[in-house]
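Everything below concerns the one structure shown next.
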Amino acid sequence: MPPHQAQPERPSQPEQLAGLVERVTFHNDESGFCVLRIKARGHRELVTVVGTLPEVRAGEWLEAQGQWTIDKEYGQQFRAEILRTMPPTTVEGIEKYLASGMIKGIGPVLAGRIVKVYKERTFEIIDADPHSLTYVDGIGPTRKKKITEAWAEQKAIREIMVFLHGHKVSTSRAFRIFKAYGNEAIEKVRQDPYRLARDIDGIGFKTADVIAESLGIGKQSDLRARAGVEYTLQELTGEGHCGYGRDELVAMAVKLLEIPDEIIQAAVEYLLVDKRIVARSLDGDAGPVPAVFLAGLDQSEKNLAESLIARQAGKHPCPEIDIEKAIAWVEGKTGLQLAAQQRQAIGLACRSKVLVITGGPGVGKTTIINSIVKIMRAKKLKVLMAAPTGRAAKRMAEATGCEAKTIHRLLVFDPKTFQFKHNAEHPLEGDVFIIDETSMLDITLAWQLVRAIPRRAAVILVGDVDQLPSVGPGCVLRDIIDSGKVPVCRLTEVFRQAARSAIVTNAHRINQGEMPFFPREKVSPGSTDFYFVQVEDPDKAVDMLRRMVCEHIPEKFGFDRVDDIQVLSPMQRGVLGCRNLNTLLQDALNPTGPAIQRYGWTFRMGDKVMQMVNDYDKDVFNGDIGRVTKIDEVEQEMTVRFDDRPVKYDFNELDELHLSYATTVHKSQGSEYPVVVLPIHTQHYMMLQRNLLYTAITRSRKLVVLVGTLKALAIAVKNMDARRRVTLLKQRLEALEAGKPRRME
């Protein structure tokens with residue numbers, strides 16, 4: 001080679017490192033990325049190793065292959081390309097391993113006692129002779145049973161983790177897979193990896209697809225095509241649809257799966273024959289449009305329509321009464337004079353087996369509920385009240401002085417059968433059922449509720465149809481109203497006392513497409529309960545929002561920074577999205593204390609958290625808000641208090657929770673807060689809709705503060721183009737005659 005030509009550098013050979021894991025500084029359950037402190041052979045001081053492992057515990061023996069690097073912030077590190085761990089064999093390693101918190105019931109103290117007795121034979125004793133553990137001070141029969149069960153569970157989970165990690169997928173959901181399938185997990189995943197997406201919350205089609213590819217299932221396989229079609233339809237239910245146009249669905253599946261149209265069409269036909277989806281027709285501009293619906297949602301729509309129509313026939317449980325006398329009597333009891341629309345609603349409630357009462361804030365829905373309850377109970381009728389959320393049920397109870405439950409608790413979930421105990425065969429006992437916040441009802445829950453109400457009973461559905469529709473599929477309240485097949489009382493008169501509130505006034509202005517009124521001066525008590533703080537730059541808006549929550553509002557109005565103030569955002573992502581705001585507000589409001597890191601969140605003692613899925617075993621439901629009261633590293637449990645009721649979460653179940661200093665407007669449905677702070681910016685362009693803004697400000701009882709731009713506010717007020725959900729409930733109701741249900745094919 002000529003001397004003037006530089007010789008290319010040879011890639012350096014990877015170095016080897018081995019030693020005992022002294023401490024797990026950081027481990028991300030999703031990606032497997034970890035930062036470890038290692039007592040390595042040939043090194044006096046602990047060394048830092050950075051790499052990727054599905055799971056790692058202090059005390060394990062680590063073998064690493066990679067290169068030494070210098071990090072500007074953290075100094076010298078061994079950056080590993082390959083990492084392998086093995087169970088410890090030394091007494092020191094075994095003790096550290098058990099003390100790491102991997103086995104419920106064993107903390108550092110008990111780990112030391114066990115290892116002191118059994119030394120290198122510790123794992124062998126736990127595996128083969130667990131009864132011998134009772135010879136260790138502090139271990140009785142109960143704790144011994146708990147330790148051996150946790151040991152067996154960990155072994156199974158670890159095997160699943162290794163299996164999944166070997167198939168190119170994160171293992172953060174191994175615990176849920178084990179809970180769903182037990183020791184058959186690996187066999188079931190091998191047979192049909194796509195069943196993960198159908199069976200387990202938190203594991204979607206894309207994750208299952210990665211596993212399937214690793215297992216050798218072809219891109220154009222029938223199994224993948226069928227799973228992809230179902231997944232596409234399921235994803236559309238996340239947008240509220242019960243079904244979708246067939247041609248559009250096929251086109252979406254073709255794009256997602258990147259396989260030919262004819263294979264997708266064949267998959268649709270298979271799913272139709274297998275009755276996992278159902279063929280229907282939608283009303284299009286040029287005539288009927290072929291559509292497909294998920295079988296369960298289709299059945300719920302059909303059954304709900306037939307039940308609502310059929311139950312209108314027959315005698316009302318309330319005996320014949322003089323409505324005018326009843327209203328005069330209830331006015332005397334409550335000390336309130338009822339308006340004409342309220343009187344009409346009460347009259348209809350005493351005559352109609354099914355009734356809808358709808359209206360915005362300040363129109364007296366609560367007064368009507370209270371009046372109906374008093375009249376019906378005076379006639380010796382059993383009245384049951386319920387709402388989709390705990391907070392809405394609590395408001396009903398406070399307003400009437402009578403018990404109100406969440407719908408889930410009213411129906412009583414049976415974890416053994418994974419069904420509600422009350423249904424058509426075992427109906428609820430009652431004469432009149434009043435259900436509040438019915439705009440939140442999705443089609444599945446609406447049918448589960450109505451089928452459990454005896455046919456002879458009256459049903460009163462109360463809600464604000466102009467709010468956001470349910471998070472789940474369907475548009476139940478609006479479809480019922482629009483069908484014209486059920487009596488509806490629409491309340492429009494805002495009462496004088498409520499009209500003094502700018503929150504109420506502006507809610508109605510927004511609902512009519514008008515900009516809200518608000519003062520331009522700084523937020524200060526006394527002048528109004530509705531403020532707009534104009535900040536054009538998103539980063540500056542974040543800082544202003546933080547100061548509003550942490551300083552201005554608590555200092556000037558006396559509200560509690562955590563319990564009273566709720567930040568609502570249109571979106572999860574972005575600088576002004578819930579994810580970023582939660583991290584920022586946690587650092588500002590609850591920066592220190594015992595903590596646990598799981599699934600991308602850091603949970604601390606005292607944090608405000610929200611349940612993200614229905615958990616029937618724990619009796620907590622999507623949208624419930626609580627406070628973290630205990631973090632137990634030994635038992636690997638975190639305790640959250642929901643309305644003075646403690647609920648325990650295994651550390652592996654913490655993906656059910658999110659921080660909730662900030663939450664989405666959708667998640668706030670059915671709740672009320674003393675103060676709502678709403679960032680509204682053109683960053684949120686895709687979500688800026690009138691019903692979203694209207695829902696957000698009507699969540700507040702005492703104070704609303706908007707932070708953002710007038711342009712974004714104007715976009716939201718004017719935008720009514722919320723995409724119409726694909727449902728057939730309205731058409732099904734229209735196709736039925738009162739008292740004569742018939743099938744709609």
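The values are calculated or read from the model by the stated rules, or taken from the named source; none is laboratory data. Here the structure is a predicted model, which means the values were calculated and not measured. FYI the Cβ positions are ideal-geometry reconstructions off the backbone, even for glycines, and counts take in every protein chain you see. Surface accessibility is based on the protein's heavy atoms, side chains included, excluding ligands, DNA and RNA. Shrake-Rupley method; radii C 1.70, N 1.55, O 1.52, S 1.80 Å.
Here segment 362-460 is treated as a sphere whose radius is the Kirkwood value from Cα pairs; by Stokes-Einstein at 25 °C and 0.890 mPa s it diffuses with a coefficient of 177 µm²/s. Neighbours of ARG23, meaning other residues whose beta-carbon lies under 10 angstrom from its beta-carbon, give a summed charge of +2 when Lys and Arg score +1 and Asp and Glu score -1. Probing with 1.4 Å while keeping every protein chain in the model, the per residue accessible area of segment 592-641 equals 38 Å². Judged by the mean number of other Cβ atoms found within 10 Å, the most tightly packed of the peptides 445-452, 91-98 leads the ranking 445-452, 91-98. For segment 421-577, the normalised intensity computed at q = 0.09, 0.11, 0.17, 0.19 Å⁻¹ comes to -0.49, -0.70, -1.14, -1.25 (log10 of I(q)/I(0), Debye sum over alpha carbons, equal scatterers, no solvent).
About the centre of its Cα atoms, the chain shows a dipole size close to 2000 debye [charges on the beta carbon of Lys, Arg (+1) and Asp, Glu (-1) only; nearest 20 debye]. Here the Karplus relation 6.51 cos²θ - 1.76 cosθ + 1.60, evaluated at θ = phi - 60°, turns the backbone of segment 579-593 into coupling constants of 4, 5, 5, 5, 5, 5, 6, 4, 4, 7, 9, 8, x, 9, x Hz, with x for every Gly and Pro. Short to long, the 10 Å bins of the Cα pair-distance histogram for segment 30-102 hold 19, 51, 27, 3 percent of all pairs.
When only alpha carbons of segment 641-687 are considered, Rg and Dmax amount to 14.6, 40 Å. Relative to the 2.2 N^0.38 Å rule of thumb, segment 586-721 has a C-alpha radius of gyration ratio of 1.20. What do you get for the angle between helix 538-547 and the principal long axis of the chain? Use alpha-carbon atoms, 0 to 90 degrees, nearest ten. It is inclined by approximately 80 degrees.
In the context of the full set of protein chains, residues of segment 356-457 present 40 Å² of accessible surface per residue (probe radius 1.4 Å, heavy atoms only).
One quarter of the surface of the convex hull around the alpha-carbon atoms of segment 686-737 equals 5.7 nm², the direction-averaged projected area. Its residue count N sets the reference 2.2 N^0.38 Å, and the alpha-carbon radius of gyration of segment 237-278 equals 1.17 times that reference.
Taking each residue as 0.36 nm, the span from GLU429 to ASP617 lengthens on full extension beyond its C-alpha to C-alpha distance by 65.3 nm. The Rg/Rh ratio for segment 289-329, using Cα coordinates for both the radius of gyration and the Kirkwood hydrodynamic radius, is 1.36.
Assuming a viscosity of 1.002 mPa s and a temperature of 20 °C, what translational diffusion coefficient in µm² per second does Stokes-Einstein assign to the chain, Rh being the Kirkwood radius over Cα pairs? Estimated diffusion coefficient is 73 µm²/s. Excluding LEU688 itself, what net charge comes from residues whose Cβ is under 10 Å from its Cβ, given Lys and Arg +1 and Asp and Glu -1? Its environment carries a net charge of +3. For TYR118, neighbours were defined as the other residues whose beta-carbon sits under 12 Å from its Cβ, and their charges (Lys and Arg +1, Asp and Glu -1) total -1. The 3J(HN,Hα) values that the Karplus relation (6.51, -1.76, 1.60; θ = phi - 60°) gives for segment 358-367 are, in residue order, 10, x, x, x, x, 9, x, 4, 5, 4 Hz. Gly and Pro appear as x. Relative contact order for the chain: 11 percent, from Cα pairs under 8 Å spaced at least 6 residues apart, divided by residue count.
Each listed q (0.11, 0.12, 0.26, 0.27 Å⁻¹) maps to a log10 I(q)/I(0) for segment 273-350, found by the Debye formula over equal Cα scatterers with no solvent: -0.60, -0.64, -1.18, -1.21. Where only DSSP H runs of four or more residues are counted, the chain gives -11000 deg cm²/dmol as its mean residue ellipticity at 222 nm, each run worth -39500 (n - 2.57). Pairwise inverse Cα distances across segment 523-659, averaged and inverted, put the Kirkwood hydrodynamic radius at 16.3 Å.
Straight-line reach from LYS608: taking Cα to Cα under 29 Å and skipping same-chain neighbours fewer than 8 places apart, the lysines in range are LYS104, LYS179, LYS394, LYS405, LYS522, LYS540, LYS556, LYS618, LYS630, LYS648, LYS667, LYS702. Using θ = phi - 60° in the Karplus curve 6.51 cos²θ - 1.76 cosθ + 1.60, the 3J(HN,Hα) couplings for segment 550-565 round to 8, 10, 4, 5, x, 6, 8, 10, x, 7, 6, 5, 9, 6, 9, 9 Hz; x is entered for Gly and Pro. Each of THR90, ALA339, GLN154 was placed along the dipole of the chain (beta-carbon charges, centred on the mean Cα), and the one lying farthest toward the positive end is ALA339.
For GluC sites (Glu not before Pro), the sites in segment 404-446 that DSSP calls loop and that have at most 11 other Cβ atoms within 10 Å are GLU425, GLU429. Close amide H contacts of VAL567 (hydrogens built in the peptide plane, cut-off under 5 Å, sequence separation of 5 or more or a different chain): THR663, VAL677. Subtracting the Cα-Cα distance of CYS550 and GLN234 from 0.36 nm times their residue separation leaves 109.7 nm of extension gain. Scanning residues 5 or more positions from GLY243 or on other chains, those with amide H under 5 Å from its amide H are VAL726, with H placed 1.01 Å from N in the peptide plane. As a fraction of the 1.4 Å probe accessible area of the chain, surface on carbon and sulfur atoms comes out at 49 percent.
Scanning residues 5 or more positions from ARG23 or on other chains, those with amide H under 5 Å from its amide H are ARG37, with H placed 1.01 Å from N in the peptide plane.
Working value for segment 201-246: equivalent-ellipsoid semi-axes of 23, 13, 5 Å, each the square root of 5 times a Cα gyration tensor eigenvalue, largest first. Over segment 332-378, the Kirkwood radius and the radius of gyration, each from Cα atoms, give a ratio Rg/Rh of 0.93.
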